[in-house]
Amino acid sequence: MRPLPQLTPFNEWFWTSGADGQLRIQRCSDCRTYVHPPVPICPACRSLEWEPSVVSGRATVVGFTINAHQWLPGFEPPYVIANVALAEDAMVRLTTNLVACEPGDVHIGQEVEVRFEQNDDVWVPLFAPTGRDATEDRVPEPQRPTSRPPASDSRFEHRVVLSGVGRSAIGRRLMRDPLSLAVDACLAAVADAGLELSDIDGLSTYPGSVSGVGISEGGTTAIEEALRLRPTWINGGGELPGPGGSVIAAMLAVSSGLCRHVLCFRTVWETTHAALGLSSGGGSRVSGPLYEWRAPFGAMSAAHWIGMNANQYLHRYGATREMLGWIALNARTNAGRNPAAIYRDPMSMDDYLSARPITTPFGLYDCDVPCDASIAVIVSDASVADDLAKPPIHVEAVGTQITERISWEQDTITHEPQVLGQAAHLWTRTDLRPADIDVALVYDGFTFNAITWLEALGFCGLGEAADWLDQGRRIALDGEIPVNPHGGQLSEGRTHGYGFFYEAITQLRHEAGERQVADARTAVVTSGGGIPSGVLLLRNDRA
């Protein structure tokens, strides 16, 4: 059964447009710019006057994924989710389904035309091939963005240190209250820093109090109530530079003098949540920018949204799935040295390529592992560095600037969205360069995420990862730039970004045991598998 959007006075014109067989897109009444999804102001001329405008209904496939996994009851796989660029303006794109064709015949550059499917009071715009291909590339060549230079030579990053880190048990279906996992991680981090709970005067988390999906312990309110702290500052919510944005926010609070020790934490309990059969509730219709324009087409997961971009990348650069496979194999090899990792059994390229398909180009081992765990990090004022129980980890720089549209399909589709800008911003705030980095902790919700981060950070050129990886040798534990020595989220478990902080601090303290990167002094930590994202550069001056 196709999920349908909740109709409102503000979107009804689009979702009922197909009643007369015409596709309509918002268009500025003054400068005539097309705008999608609809917003109340023209991004080109800032006019507030606009109107629904009939377009030809013709478009070109610029990204697609063939879904093989059952995400929704009654929405049977296989089906094709596509990102199509309108004939009138290639920068106006729709997520849709391709119909009237075999999934295996779909390809980048295919011309399509709209066909409406009526579902109750909603006309869903689908597209069918015309039998022709576009004569030109409708996707601009990606460029490294230019970031704003720092406002001054002063760096707030240098006024803080990461003083402690802690983690609860990590595993699948632990059947534990998520708040208990969070308490374990928080107590461990406080002890690791040599502090008392009474020293904690700030709390920061991501994504805050979110219920129904197994990705929160209840936020700062729950932790404050459990530990009976008296913070002078708190932070929670998802609109940050990725999960690591909660650490960056804590750094800002400490560097401004509002706090001295901020306890940052992140808890997931997705596998227990699923095992208990808990539901997120809600009505039968979808709403909000994340799902209104995607759920009607069965695009329910980041696997779909990122998979479309991954296929555009493979088409553009001539790469194959083996490129993604080297990321997965590296993660599994490293996880074999990590006693906390969930998946530790050896894996071959044949194992990777023959795994159950999820949505092209992703198979099972391209996707991270849902788990239960909590991780905590303490951000402290740099003045306490000499008094800490363990070597302080300094923050050299952060990258947070947004240079692309905050959208999964309307801007960057050759790489993961919201990575290129943040990576470029990082290097404006430090004299260090990619060659100075000893270990890279790159977000790998999917194998393609890691590829994008490695290219965005400048370890190799855009589109060059397939050759640069050297069959995984360059990113191995003893390689030029070791990547995710703990196994990443692909094998250790999906802790939504915080696991990379735990591993970075462990590596820089030289406490990683069999997976220790020799002489590690600097580490880059990326955070976020989509929009928005962030990145931090850490160092240990005592290593």
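Amide H to amide H under 5 Å from Leu126: which residues, 5+ apart in sequence or cross-chain, H placed 1.01 Å off N in plane?
Residues meeting the criterion, in which the H sits 1.01 Å from N, are Arg115, Phe116, Glu117.
If you compute volume of the Cα convex hull per residue in Å³ for the structure shown, which of [x] 150; [y] 228; [z] 209 do you land on?
[x]
Using θ = phi - 60° and the Karplus form 6.51 cos²θ - 1.76 cosθ + 1.60, what ³J(HN,Hα) does each residue of region 159-168 get, whole Hz, x for Gly and Pro?
Values per residue, Gly and Pro as x: 9, 9, 9, 8, 9, x, 8, x, 8, 7 Hz.
Between Glu196 and Leu353, how many nm apart are label points set 7 Å from Cα along the C-beta direction?
6.2
Run the helix sum for the chain: -39,500 (n - 2.57) per DSSP H stretch of 4+ residues, divided by residue count, reported at 222 nm to the nearest 500 deg cm²/dmol.
One gets -6000 deg cm²/dmol as the mean residue ellipticity at 222 nm.
Which order results if Val160, Val39 are arranged by neighbouring Cβ count within 10 Å, fewest first?
So the ranking, lowest neighbour count to highest, is Val39, Val160.
Within 10 Å of each residue's Cβ, count the other Cβ atoms and sort Cys367, Cys28 from fewest upward.
Ascending number of Cβ neighbours within 10 Å: Cys28, Cys367.
Please tell me the relative contact order of the chain in percent, rounded to the nearest whole number, where contacts are Cα pairs under 8 Å and at least six residues apart.
Numbers: 1338 pairs, mean separation 94.6, N = 543.
Reported as a whole number, the value is 17 percent.
Quick one: 3J(HN,Hα) in Hz for region 492-498, Karplus 6.51/-1.76/1.60 with θ = phi - 60°, rounded, Gly and Pro as x.
Whole-Hz 3J(HN,Hα) from phi for region 492-498: 6, x, 7, 9, 6, x, 6.
Quick query: amide H of Ile358 versus all other amide H atoms, modeled in the peptide plane; which residues come in under 5 Å with a sequence gap of 5 or more or a different chain?
Gly363, Leu364
If each residue's Cβ is checked for other Cβ atoms within 10 Å, how do Thr526, Thr232 rank with the fewest at the top?
Ascending number of Cβ neighbours within 10 Å: Thr232, Thr526.
If R₀ is 30 angstrom, what is the calculated FRET efficiency for the pair Ile41 and Thr8, using the beta carbon separation as r and rounding to 0.05? Could you put the intermediate results ahead of the total?
Numbers: r = 18 Å, r/R0 = 0.60.
After rounding, the FRET efficiency stands at 0.95.
Per-residue HN-Hα couplings for region 110-119, Karplus 6.51 cos²θ - 1.76 cosθ + 1.60 at θ = phi - 60°, whole Hz, x for Gly and Pro?
These are the phi-based 3J(HN,Hα) values: 6, 7, 9, 9, 6, 9, 8, 10, 7, 10 Hz.
Mind running the shape call on region 54-137? Use the C-alpha gyration tensor, a ≥ b ≥ c as the square roots of the eigenvalues: rounded below 1.5 for a/c, prolate if a/b tops b/c, oblate otherwise.
Oblate is the answer for region 54-137, as a/c is 1.5 or above yet b/c matches or exceeds a/b.
We did not get these values from a lab; they are worked out from the coordinates using the rules stated. Note that the structure is a prediction, hence the values are computed from the model and not measured. Counting neighbours? That spans all protein chains shown, and the Cβs are built from the backbone with ideal geometry, glycine included.
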